[in-house]
Every structure is written in C-alpha cells, then in structure tokens.
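These notes concern the structure reproduced below.
Bear in mind that the values in this text are calculations on the coordinates, not laboratory data. Bear in mind that the values here come from a model prediction, so they are computed numbers and not experimental data. Here Cβ is always computed from backbone atoms with ideal geometry, including for glycine, and neighbour counts include all displayed protein chains.
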Amino acid sequence: MKKKKRLFLVLGAVVVAGAAAAAVLLGRARSSAVGGPVKSAQQASGDLVIQKSEVSSTPSFYPYEADGTKMEVLAVRAPDGSVRTAFNTCQVCYSSGRGYYRLDGDTLVCQNCGNRFTADQVERQRGGCNPVGITREYKAETDGTITMKKDFFEQTRQIFANWKS
C-alpha cells in the first residue's frame, strides 16, 4: 500500500511540474509570437518610454496594458534613420481581433488579410491595411527617447478590444 501511495505522489509531482513547465513555455511563446523582439517599456506613471538606442531595422514590440486592455506598440528604425512607431493593429482589420502584424523576414504581415508591410511604410502609410501609425502629435521625442502618455493609450484602447494574439 505504501508503494502505491508513493507512486501516486511521484506521479502527481510529475504532472504538476509538467503543467508548470508548459505554462512557462506557453508564456514565452506568446511573448515572441510576433516574430520580433518583445521589450518592456511601460513606466510606473503609465507612460510608455522607448529608448531609441534599442530600436533597430527589425521591428521591436512593446506590450502595454490600459485599464485591462492588452495593447502593443511596434517601433522600427526606418532606412532614413528615423524611429517610426505604430500600434500593432491594422487600420482596417483591427475589429476582427486578428488584425495584428507578425514579422516575416523584414516584412510585417497582417494576420487577418495577409497584407505585407515594410519598415519604411510604418507611420507614413495611411488608409488601407496598415499598422495604425503613432504620429508626432501623440508622442514626445528627445534625442534618446520616445514617450507616449498614459492618457493616449486610454483614449485608443478600443482598437484592441477584440485583439487575439
């Protein structure tokens, strides 16, 4: 009887350890599901501050949470050297919940309609299936940082209401 009890305890421990490992691995998969680097930049104040020195020609993705709504900003260094920013959701497909972009090589691909988008188009292209650009009137830039205010995210969170990553 003691052997059976010990066997059940060992099996239970293995199941719990396996579930914990799966949770960790699935969490990591979500953080890299976009195919580019995921970085933390949300400050205690609620503002999002991006260090320009961390931004390269490969888009980086910055998760943000506004009043329980998960959002994401992408930043990329364009061929002209400027840092461009946009919400990681599509101007047309956002309400589908799948209108977000994943990185495929050097191209962003809408997961709803398949539209392909290059770094030099981020924040410049308007209308159609493109990431929602975050233009200079919605952010403050210094030589080293780009800051987007908490209020801005609270006002725009509805475009992520159906977001499924």
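Cross-link reach is defined here as a Cα-Cα straight distance under 15 Å, omitting same-chain residues fewer than 8 places apart; for LYS150 the aspartates and glutamates meeting it are ASP47, GLU65, ASP67, GLU72, GLU137.
Expressed in nm to one decimal, what extension gain is obtained for the pair ASN162 and THR118 from 0.36 nm per residue of sequence separation less their Cα-Cα distance? Present the calculation step by step, with values, prior to reporting the outcome.
Working: separation 44, 0.36 × 44 = 15.84 nm, distance 2.47 nm.
Full extension from ASN162 to THR118 adds 13.4 nm.
Each peptide in 87-93, 124-130 gets a packing score, the mean of other Cβ atoms within 10 Å over its residues, and the list from highest to lowest is 87-93, 124-130.
Say R0 is 22 Å: what FRET efficiency, to the nearest 0.05, do VAL38 and ARG126 get from their beta-carbon distance? Working shown, then result.
Details: r = 26 Å, r/R0 = 1.19.
My answer for the efficiency is 0.25.
Put simply, the amide H of ALA66, placed in the peptide plane, has neighbours under 5 Å in MET71, leaving out anything fewer than 5 places away on its chain.
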